[in-house]
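The values are calculated or read from the model by the stated rules, or taken from the named source; none is laboratory data. All values derive from a computational prediction rather than experimental measurement. Neighbour counts are summed over all protein chains in view; Cβ atoms, including those assigned to glycine, are modelled from backbone coordinates with ideal geometry. When the accessible area is computed, the model is the full protein with side chains, heavy atoms only, and any ligands, DNA or RNA have been set aside. Shrake-Rupley method; radii C 1.70, N 1.55, O 1.52, S 1.80 Å.
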Amino acid sequence: MGRMSRRAFTLGAALTLAGVTAGDAVGGEPVPRRGPALRGMWLASVANRDWPSKPGLTAAGQRAELLAHLDTAVRRRLNAVVFQVRPAADALWPSPYEPWSEVLTGVQGQDPGWDPLGTAVKEAHRRGLELHAWFNPYRVANHTDPTRLVPTHPARLHPDWIVPYGGKLYYNPGLPEVRRFVQDAMIDAVKKYAVDAVHFDDYFYPYPVPGQTFDDDAAFAAHGGGFDDRAAWRRDNIDRLVREMRQRIRKARPGVRFGISPFAVWRNRATDPAGSDTAAGVQTYDDLHADTRTWVREGWIDYVVPQVYWNIGFAAADYARLVPWWADVVRGTGVRLYIGEALYKAGDPAQPAAWQDPAELSRHLTFADAFPEVRGHVFFSAKEVGEDRTGAMARVVADHYTRRVTPDS
């Protein structure tokens, strides 16, 4: 027998893990040829997670750090950066709707003296990278004291718009005026900058906090007519945000894509026969009121990046069970599927043993490659892409990213 190449071996192994053999059909259809995949990283600004490294750096210092992250993406042979430009009802561009983010200067509303989003778009494109503008729709602050917001903040001007919950402030998704406002604030960036995509993360209604209630009684009384079930009304509120945002993006700048990165478990199979074979403690449909499966099946988004942040073999939410489930969800819809990868877990001593092996993430990409619906991966997040404390990212690059490619988008 001729010597099998590393690529052929790994693909064969992935197909075997997926329950098929090389040459078989996946989902009853031949495996099609695919163009270059999206290779992305999230660049988080909330709480200075990735960038800037701390508030109060000079404009030149902030810019240098930003360009260094873009250069890291190039060095790792990535082709997309998902840049968080509205971390908490604020802005990383000169916005007429919301104040400058405090992550820049340490003072909310203070002009940093430059335009981070404008620079990011220009410099990413100069390097052959896509720039996806990442917005958080409803988070207002990581505290519950409105007086800590700048006096001109919309949440100060409209105190009836906000709900304190779990130690944070949120805009109330049940108010039509809130939905319109947050769309206006985000679309402003789309109109001003040649971003390649608009990106939402997994925060819609907040993650449940034991013993606390999200107080939207007044909004439900005023706007919940026709819904006997408050959960159904909440899901409809988020559905409207997603549908309307897609329409407004297309009108503002045709060709800009719209993607969402949800928590990876829509519903457990024990809750719903259509759900995944998981036993997760959170289900987006029930707990975040985000019907992610419907958004895909109705074509309201252009791509989905489920945060499959668990290792292969993890009992409650197995990577090797969630990837096939999502592949089935997107099949035939035209919605691109990218898998969110938990690079931040690699080498973390608090994580299961699988994450101590630098090859775990590479195995993820090998497994996912058996599914033609998977069109790429996005890594959380930029700090770890650069630091790579265990060599997990270097292993991914060596095994899967042998040359730079332009995403097939």
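Go through the range 348-375 and count every residue that is part of a loop (DSSP other than H, G, I, E, B) and either more than 18 Å from ARG336 (Cα to Cα) or of a type in the set (S, T, N, Q) (or both). I'd like the intermediate steps shown before the answer.
Taking the range 348-375 first, the residues part of a loop (DSSP other than H, G, I, E, B) are 348-352, 357-359, 369-373.
Retained after the next criterion (residues that are either more than 18 Å from ARG336 (Cα to Cα) or of a type in the set (S, T, N, Q) (or both)): 348-352, 357-359.
Total satisfying the criteria: 8.
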### Among residues of the range 147-169, those that are touching a helix residue (DSSP H, G or I) at 6+ places or on another chain (Cβ under 7 Å), surrounded by 13 or more Cβ atoms within 10 Å (Cβ to Cβ) and within 25 Å of HIS223 (Cα to Cα), counted
6
### Task
Output the residues belonging to the range 194-206 that are in contact with a helix residue (DSSP H, G or I) (Cβ under 7 Å, 6 or more places away or on another chain) and aromatic (Phe, Trp, Tyr).
PHE204, TYR205
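Is it the case that PRO306 is open to solvent by less than 30 Å² (accessible area, probe 1.4 Å) and either in contact with a Pro (Cβ under 7 Å, 6 or more places away or on another chain) or of a type outside the set (Phe, Trp, Tyr) (or both)?
Details: open to solvent by less than 30 Å² (accessible area, probe 1.4 Å): yes; either in contact with a Pro (Cβ under 7 Å, 6 or more places away or on another chain) or of a type outside the set (Phe, Trp, Tyr) (or both): yes.
The answer is yes for PRO306.
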### Residue list for the range 271-312, restricted to those being small (Gly, Ala, Ser), part of a loop (DSSP other than H, G, I, E, B) and out of contact with any Ser or Thr (no Cβ under 9 Å at 6 or more places or on another chain)
ALA274, GLY275, ALA279, ALA280, GLY281
### Task
Those residues that are among the aliphatic types (A, V, I, L, M) and either closer than 21 Å to VAL378 by Cβ or open to solvent by less than 60 Å² (accessible area, probe 1.4 Å) (or both), I need them from the range 54-63; list them, please.
LEU57, ALA59
#### Entry: Residue within the range 214-232 that is within 23 Å of ARG297 (Cβ to Cβ), in contact with a helix residue (DSSP H, G or I) (Cβ under 7 Å, 6 or more places away or on another chain), open to solvent by less than 20 Å² (accessible area, probe 1.4 Å) and at pLDDT 95 or above present
no
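Within the range 233-257, can you find the residues that are small (Gly, Ala, Ser) and either within 21 Å of PRO306 (Cα to Cα) or open to solvent by 60 Å² or more (accessible area, probe 1.4 Å) (or both)?
Quick first cut of the range 233-257, residues small (Gly, Ala, Ser) only: 252, 255.
Correct list: GLY255 only.
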### Query
Out of (1) under 30 Å from GLY275 (Cα atoms); (2) open to solvent by less than 20 Å² (accessible area, probe 1.4 Å), the odd one out for TRP325 is which?
(2)
### Message
Quick check on the range 381-403: of everything there that is within 18 Å of ALA68 (Cβ to Cβ) and open to solvent by 40 Å² or more (accessible area, probe 1.4 Å), which residue is modelled with the lowest pLDDT?
### Response
ARG389
#### Entry: Candidates THR333, THR294, filtered to the one that is surrounded by fewer than 18 Cβ atoms within 10 Å (Cβ to Cβ), touching a residue at least 40 places away in the same chain (Cβ under 8 Å) and within 20 Å of the chain's Cα centre (by Cα)
THR294
## Note on the structure
All conditions in (1) under 26 Å from ARG246 (Cβ atoms); (2) more than 25 Å from the chain's Cα centre (by Cα) are true of LEU175 except (2)
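Is it true that ASP388 is more than 27 Å from ALA197 (Cβ to Cβ) and of a type outside the set (A, V, I, L, M, F, W, C)?
Numbers: more than 27 Å from ALA197 (Cβ to Cβ): no; of a type outside the set (A, V, I, L, M, F, W, C): yes.
Judged against the criteria, ASP388 is not a match.
Yes/no per residue for (1) over 22 Å from the mean Cα position of the chain (by Cα); (2) in a loop (DSSP other than H, G, I, E, B); (3) without any contact (Cβ under 8 Å) to a residue 40 or more places away in the chain:
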{"residue": "PRO210", "(1), (2), (3)": "yes, yes, yes"}
{"residue": "ASP215", "(1), (2), (3)": "yes, yes, no"}
{"residue": "ALA221", "(1), (2), (3)": "yes, no, yes"}
{"residue": "ASN237", "(1), (2), (3)": "no, no, no"}
